[in-house]
Amino acid sequence: MNFIILLSYLYIKTLMKRDKNLKITPKTHEILKKYCEENGLKMFAFVEKLIREKCIPKKGIYDED
């Protein structure tokens, strides 16, 4: 029984692995870090939010792409 639970846990953990590296210049990193510190934000969450807001296509007035 414990073996099945362990396998299930490992499978779910593999599916949920979400970290990827994003290469940015040290100067850009400093700007991002300073902004996030001043506004009480987590850098990864802020970058993910920006990507979702700016990169996902907006739907038209008839829910069209």
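Each value in this text was obtained by applying a stated rule to the coordinates, not by laboratory testing. Given the structure is predicted, the values throughout are model-derived calculations rather than measurements. Cβ atoms come from the backbone with ideal geometry, glycine included; neighbour counts cover every protein chain shown.
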- Footprinting proxy, LEU7, LEU22: sorted fewest to most Cβ within 10 Å, the residues are LEU22, LEU7
- Query: What list do you get for PHE46, PHE3 if you sort them by fewest beta carbons within 10 Å?
  - Reply: PHE3, PHE46
- Note on the structure: One finds, for PHE46 and LEU10 with R0 = 35 angstrom and r their Cβ-Cβ distance, a FRET efficiency to the nearest 0.05 of 0.70
